[in-house]
Structures are given as C-alpha cells and as structure tokens.
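Here the structure is laid out as structure tokens; the discussion comes afterwards.
The values are calculated or read from the model by the stated rules, or taken from the named source; none is laboratory data. As the structure is a computational prediction, the values presented were derived from the model and not from experiment. Backbone-built Cβ (ideal geometry, glycine too); neighbour counts: all protein chains shown. All accessible areas refer to the heavy atoms of the entire protein, side chains included, with ligands and DNA or RNA removed. Shrake-Rupley method; radii C 1.70, N 1.55, O 1.52, S 1.80 Å.
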Amino acid sequence: MARFDLTGIGMTSQRTRDRLVGRLRERGIVNEDVLHAIASTPRHIFIDEALAHRAYEDTALPIGHGQTISQPFVVALMTQVLLDRPRARVLELGTGSGYQTAILASLCERVFTIERVEPLISRAEARLRAMSIKNVTMRHADGFDGWPRTTAFDGIMVTAAPRTVPETLLEQLAVGGRMVLPVGDGGVQELRVIDRGEEGFSERVVDHVRFVPLLKGVRTH
Ligand code: SAH
C-alpha cells in the first residue's frame, strides 16, 4: 500500500530502531520478546508524516484529536508488565494510533481494542491492515463499558487514565488474569498492576506515568 512506507529506508533504518531498543534496555526493559517486537514494528507509520522523522525517539508524539502515541519506554514497560507470562486473549482500551495494539498483536494470540474517537480507530485499522495484522478486533465505543458479551480476558491494558479502576473491567478479567493501567486525575498517575486470583484481586504500583484521561462517551469526528 502506497500510503504507508513499510520499508526500512533512511530514518526508519534498522540501526535507528536498534538504537531505541538499546535505550529501552538501559532503562530496564529485559523481556527479549518485547524488545524484539519494538525492534520489528515500524513506529513511523503510526505517526503523521511531518513528525515521522522523530518516530524512533523515546518520546510521546501528537496524533491529532488532542491525543498522543505513547512513549516507546512506556509501551515496552506496560507490555513487559502485562506479559509476565503468555496471555492469549488481551483487551486494550485506547487504540489511539494503533501502535501499542500492533505490539500486543505480535505477542498475543488475539487482541481486542476499543477507541472512543472514530477517526483515530479507522486510521489505526488501515495501518494494521497495511501491516497484514489479522488477529486484532476493533471497536468504536466507550471503553468504560468493557467488551460486552464475551468471555473474560487473560490480560487488559488501559492506555488512558481513569480516576479510579473501572468495576466493569475487573469483572471482565479472568481468574489468573492481569490488568495494567494508569490511575489518577492529575498530570501524573500511578501505573497499577492488578492480578485476579482464586481468592480475589491484588494490586500494586509499578511506576508513575502521564497519560491523557479516559473519557466517557464516544466521538464521531
Ligand atoms: N495506545 C495508544 C495511545 C493512546 S492515547 C497508542 O499507542 O497510540 C489514549 C487513547 O485513549 C486516545 O486515543 C483516546 O481517544 C482514547 N480513549 C480515551 N477515553 C477512552 C474510552 N473511554 N474508551 C476508549 N478509548 C478512550
């Protein structure tokens, strides 16, 4: 597809991507599968052309509609924390550019992703199609409602911050499942990990992060 440059030329070269991976290693990412996924996923196609030359910097970048593509370190960290062991069915809230979705798709059997802003999800869908990613199901909806009428998820990742942990998402987590999400209403939120065991839920804070808020309702433009 001509719209997306999937090749490895110039700024998108393997060397540039390897440099990013080196930085992620320095910052404590140790899961080789996650590092491999970052090295082999072309982040530049998830960013507007005008900013594509900055695609392999370890920084968040605007993607329109007041939203951002997450910083690669945060993507790697959340993925590493979620995938402490293989998780077949994963739900993501906040598709945004689709970059985190693509990373999860390369590491999990099936990914379900929800985005409230329609133009973002249709662009993300086109990108994943161009990359021939086939194990992702997308939905334009309010993530606060979770994914209705389906079996529980082995993993849930939320890439926008709710003020408190949404009850619906806890209900949709399988026993043995893990959820990773930022929680808080200020500029800086706690990155929390919630595990569901036979006896109930356990929770801990792994880091502090900055995400846009998880908002109620949907937008069609
Ligand atoms: N994971 C994305 C980063 C997305 S930024 C990436 O890699 O590019 C957070 C996204 O969450 C935004 O696109 C925003 O529109 C979306 N969002 C916010 N509230 C939401 C909700 N209630 N349901 C679904 N998506 C939501």
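Looking at segment 51-70, can you tell me whether even one residue there is under 19 Å from Glu125 (Cβ atoms), of a type in the set (A, V, I, L, M), touching a strand residue (DSSP E or B) at 6+ places or on another chain (Cβ under 8 Å) and near the ligand (Cβ under 10 Å from one of its atoms)?
yes
Return only the number of the condition from (1) within 14 Å of the ligand (Cβ to nearest atom); (2) more than 14 Å from Val90 (Cα to Cα); (3) in a loop (DSSP other than H, G, I, E, B) that Pro182 does not satisfy.
Single failed check for Pro182: (3).
Could you list, in sequence order, all residues of segment 125-134 that are assigned to a helix (DSSP H, G or I) and either without any contact (Cβ under 8 Å) to a residue 40 or more places away in the chain or open to solvent by 70 Å² or more (accessible area, probe 1.4 Å) (or both)? Can you show your working first?
First pass over segment 125-134, keeping only residues assigned to a helix (DSSP H, G or I): 125-130.
Correct list: Glu125, Leu128, Arg129.
From Thr168, Thr164, Thr101, grab the single residue that is within 12 Å of the ligand (Cβ to nearest atom), free of Cβ contacts under 8 Å to residues at least 40 places away in the same chain and either in a loop (DSSP other than H, G, I, E, B) or open to solvent by 40 Å² or more (accessible area, probe 1.4 Å) (or both). Step through it out loud before you land on a result.
Details: Thr164 fails: within 12 Å of the ligand (Cβ to nearest atom); Thr101 fails: either in a loop (DSSP other than H, G, I, E, B) or open to solvent by 40 Å² or more (accessible area, probe 1.4 Å) (or both).
Just one listed residue meets the conditions, Thr168.
Does Leu6 qualify as being at pLDDT below 95, assigned to a loop (DSSP other than H, G, I, E, B), among the hydrophobic types (A, V, I, L, M, F, W, C) and more than 30 Å from Val175 (Cα to Cα)?
Details: at pLDDT below 95: yes; assigned to a loop (DSSP other than H, G, I, E, B): yes; among the hydrophobic types (A, V, I, L, M, F, W, C): yes; more than 30 Å from Val175 (Cα to Cα): yes.
It is true that Leu6 is at pLDDT below 95, assigned to a loop (DSSP other than H, G, I, E, B), among the hydrophobic types (A, V, I, L, M, F, W, C) and more than 30 Å from Val175 (Cα to Cα).
Mind checking whether some residue in segment 49-65 is closer than 13 Å to Glu115 by Cβ, open to solvent by 20 Å² or more (accessible area, probe 1.4 Å) and outside any helix (DSSP H, G or I)?
Of the residues in segment 49-65, the ones closer than 13 Å to Glu115 by Cβ are 63-65.
Cutting the leftovers down to open to solvent by 20 Å² or more (accessible area, probe 1.4 Å) gives us 64-65.
Those left that are additionally outside any helix (DSSP H, G or I): 64-65.
Yes, there is a match, as at least one residue in segment 49-65 is closer than 13 Å to Glu115 by Cβ, open to solvent by 20 Å² or more (accessible area, probe 1.4 Å) and outside any helix (DSSP H, G or I).
Answer yes or no: is there a residue in segment 134-156 that is charged (D, E, K, R) and on the phi > 0 side of the Ramachandran plot. Let's see the steps before the verdict.
As a first pass, look at segment 134-156 and keep what is charged (D, E, K, R): 134, 139, 142, 145, 149, 154.
Filter again for on the phi > 0 side of the Ramachandran plot, leaving 149.
Yes - at least one qualifying residue is present in segment 134-156.
Name the residues in segment 193-214 that are more than 20 Å from Arg85 (Cβ to Cβ), hydrophobic (A, V, I, L, M, F, W, C) and either more than 16 Å from the ligand (Cβ to nearest atom) or surrounded by fewer than 15 Cβ atoms within 10 Å (Cβ to Cβ) (or both), would you?
Hit for segment 193-214 is Val205, nothing else.
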